[in-house]
1. Which one is surrounded by the most Cβ atoms within 10 Å (Cβ to Cβ) among residues in segment 1-55 that are more than 29 Å from GLY245 (Cβ to Cβ) and of a type in the set (Val, Ile, Thr)?
2. Among the residues of segment 30-41, is there at least one that is of a type in the set (S, T, N, Q) and part of a helix (DSSP H, G or I)?
3. Here are some conditions: (1) at pLDDT below 95; (2) in a loop (DSSP other than H, G, I, E, B). ASP113 meets all but one. Which one does it not meet?
4. Report whether or not GLY244 is touching a Lys or Arg at 6+ places or on another chain (Cβ under 8 Å) and surrounded by fewer than 16 Cβ atoms within 10 Å (Cβ to Cβ).
5. When you scan segment 86-104, do you find a residue that is in a strand (DSSP E or B), of a type in the set (A, V, I, L, M, F, W, C) and under 20 Å from PHE35 (Cβ atoms), even just one?
6. Among all residue pairs at least 6 apart or on different chains, which show Cβ distances below 6 Å where the first residue, located in segment 100-121, is touching a residue at least 24 places away in the same chain (Cβ under 8 Å) and the second is aromatic (Phe, Trp, Tyr) and surrounded by 14 or more Cβ atoms within 10 Å (Cβ to Cβ)?
7. Restricting the search to segment 50-82, which residues are within 22 Å of the chain's Cα centre (by Cα) and assigned to a helix (DSSP H, G or I)?
8. What's the total number of residues in segment 202-226 that are more than 14 Å from the chain's Cα centre (by Cα) and either closer than 20 Å to PHE35 by Cβ or of a type in the set (Lys, Arg) (or both)?
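The values are calculated or read from the model by the stated rules, or taken from the named source; none is laboratory data. Since the model is a prediction, treat every value here as computed from it, not as a measurement. In this analysis, Cβ positions are derived from the backbone assuming ideal geometry, glycine residues included, and neighbour counts consider all displayed protein chains.
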Amino acid sequence: MLEPRLGHPNIGLGLGLRTVHYQHILQHEPKVDWFEIISENYMDTEGRPRYVLEQIAERYPIVMHGVSMSIGSTDPLDFDYLQKLKRLAATVGALWISDHICWTGVASLNAHDLLPLPYNEATLKHTIDRVRIVQDVLERTLVLENPSSYVTFADSTMPESEFVNRLAAETDCGLLLDVNNVYVSSVNHDFDPVEYLESVPHKNVVQFHLAGHTNLGTHCIDTHDGHVIDPVWELYRLAHRLTGGVSTLLEWDAKIPEFPVVHAEVLKAKPFIGAETESAADVAETVTDSEQKPDEAATTTVPHPAAYVVAEAE
């Protein structure tokens, strides 16, 4: 058995818990290793979502994934929000709490979007300070996800991979390596996704995300509304080899099909875990040959569909 990363074990192949699948999960208890929840969907309710979640938490490991921490914002940290996160994690026995390297609002307004940061020294120091405070409040390691993005700030002085490296080194936070986001951003910003995967601090990676996206010709959007494409699977194979393997989660958040379809998609990860990639160069060749590269990187802001607080009205 592999050693846990920052105290977090490899718990296998998981799925995002979505309301449309509640009944199927409760009735059939499918053989899923674990479920990831969107934290905000369960923090301020004592209704059916919490009732269902607590039943599922009795049967499966649970991980929490948030979209509103706004770790990079200039607004003060929301300590009430952090205490709610902490209480929910205790209630469901969450193995870890994650969010995104982004900001989601300013002046107390929530944009309900995962907005990119300028990657420079000032932003890095600001984010490091806030991650340390959050970890102290939560009394646990915070796990942060690399974002998908569509524009590059003129004020950025370092690549995203360097920013992520230094943030992890200074705070010892965990990393949620979203392989699809690496691919999407590599297309939009014309960087090498293999070099990105090789450069992140592998010892800090505790989880992977996989998802589908939409290629619009001039840019890709992280839509989470379809199957994982072959180049992303190949990058996942490389990420698995580089890290030694960590917990893997499939996201499907729009046009959600029946549960067996989503479950079958995450199970496609098995051969990529079992088969070693010969070299990073082989992966780079596969990704380049398989992708339909846009003619140019995106130059305008597009809606970011990943801030998906799922309606829990059932």
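1. First, pick out the residues of segment 1-55 that are more than 29 Å from GLY245 (Cβ to Cβ): 19-20, 22-23, 26-27, 40, 43-52, 54-55.
Subsequent filtering for residues that are of a type in the set (Val, Ile, Thr) retains 19-20, 45, 52.
Numbers: THR19: 16, VAL20: 13, THR45: 13, VAL52: 19.
Among those that are more than 29 Å from GLY245 (Cβ to Cβ) and of a type in the set (Val, Ile, Thr), it is VAL52.
2. Here is the first cut: in segment 30-41, the residues of a type in the set (S, T, N, Q) are 39, 41.
From what's left, part of a helix (DSSP H, G or I): 41.
Yes, some residue in segment 30-41 is of a type in the set (S, T, N, Q) and part of a helix (DSSP H, G or I).
3. Result: ASP113 fails condition (2) only.
4. Judged against the criteria, GLY244 is not a match.
5. First, the residues of segment 86-104 that are in a strand (DSSP E or B): 97-100, 103-104.
Now drop any that are not of a type in the set (A, V, I, L, M, F, W, C), which leaves 97, 103.
Now drop any that are not under 20 Å from PHE35 (Cβ atoms), which leaves 97.
Yes, some residue in segment 86-104 is in a strand (DSSP E or B), of a type in the set (A, V, I, L, M, F, W, C) and under 20 Å from PHE35 (Cβ atoms).
6. Short answer, once both residue conditions are applied: LEU115/TRP103; TYR119/PHE163.
7. Matches in segment 50-82: LEU53, ILE56, ALA57, TYR81, LEU82.
8. Qualifying residue count for the region: 2.
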